[in-house]
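Take a look at the structure below.
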Amino acid sequence: MTGETLPILYQDDAVVVVNKPSGLLVHRSPIDRHETRFAVQILRDQLGRHVFPVHRLDKGTSGALAFALDRDTATRLAGQFAGKQVRKTYRAVVRGWPPASGVIDHPLDAVQDTYAPAADSGPKACRTTYRTIAVVELPLRVDRYPTARYSLVELEPETGRRHQLRRHLAHVSHPIIGDSTYGKGRHNRVFADRYGVRRLLLACVGLEFTQPVSGQRLTVGADPGPGFDVLRQQLDWRPPPQDAATGVSPSSP
């Protein structure tokens, strides 16, 4: 027991929501066999009781992560996530200036790995809505342009495909900064070298769900955390251009 704790955003007799930091796995995975820290283990030791994760966040993603405190609640709450009854809100810093708002409607294949082997091989319908909150333009030649543009966006996945947000944003040429799998290395290096931000700039900042026992609708918010704070202070963010169009991405693969 290390004494490490997780910030608790909400807790009652059946549910607890914590703010998971970037770089922490939810539970053991053969993908990261060398890891010794897991949100499940830390929270179990912190509360002194068993906890049951009901959804997952990628290792690099920070933010609101929900657990049940008994098996029955876990089954019921996991059913809400699977049944698209949970509203999830994310923040991300992305390359470029997307439209002011829009929908990314693009089918995705399952991600194949040893931890979560895909049960099917065909693409499934996936939708993500987004809005651009702020933009910044840096006097840097990173690609072929004399300046580099970045945006802070808010995202709501209407479906729950693995890596959906990361893959959808890469599909529309606005990859998330810090994404080593679907992003652009040269842009990731700008944020690492200039600002010391080496994390995936994706955070779950809100969960809205029904408390399985009381039936009360709950909304739990989370601060996006380190990295986002640094960029908020160091960059000259401004509102997106007023003439930015509303965008709808192609629905073809």
Convex hull volume per residue for region 8-246, taking Cα atoms only, in Å³: 138 Å³
Protection proxy ranking of 195-204, 99-108 - average other beta-carbon atoms within 10 Å, highest first: 195-204, 99-108
The chain - mean residue ellipticity at 222 nm from DSSP helices (-39,500 (n - 2.57) per run, n ≥ 4, rounded to 500): -5500 deg cm²/dmol
Principal-axis tilt of helix 71-82 within the chain, Cα atoms, nearest 10 degrees: 30 degrees
For 24, 65, order by how many other beta-carbon atoms lie within 10 Å, fewest first: 24, 65
For region 8-246, share of DSSP beta bridges that run antiparallel, in % to the nearest 5: 90 percent
Ranked 45, 236, criterion: other C-beta atoms within 10 Å, fewest first: 236, 45
Relative packing of 209-216, 37-44, which averages over residues the other C-beta atoms within 10 Å, highest first: 37-44, 209-216
Inter-centroid distance (Cα atoms) of region 4-82 relative to region 85-99, Å: 22 Å
Residue order, fewest to most surrounding Cβ atoms within 10 angstrom, among 130, 145: 145, 130
Ordering of 161-167, 71-77 by packing [mean C-beta count within 10 Å, highest first]: 161-167, 71-77
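Quick note: the coordinates plus some simple rules give every number you see, no bench work behind them. Computed from a prediction, not measured in an experiment: that's the story for all the values here. Note that each Cβ is placed from the backbone with ideal geometry, even for glycine, and that neighbours are counted across all protein chains shown.
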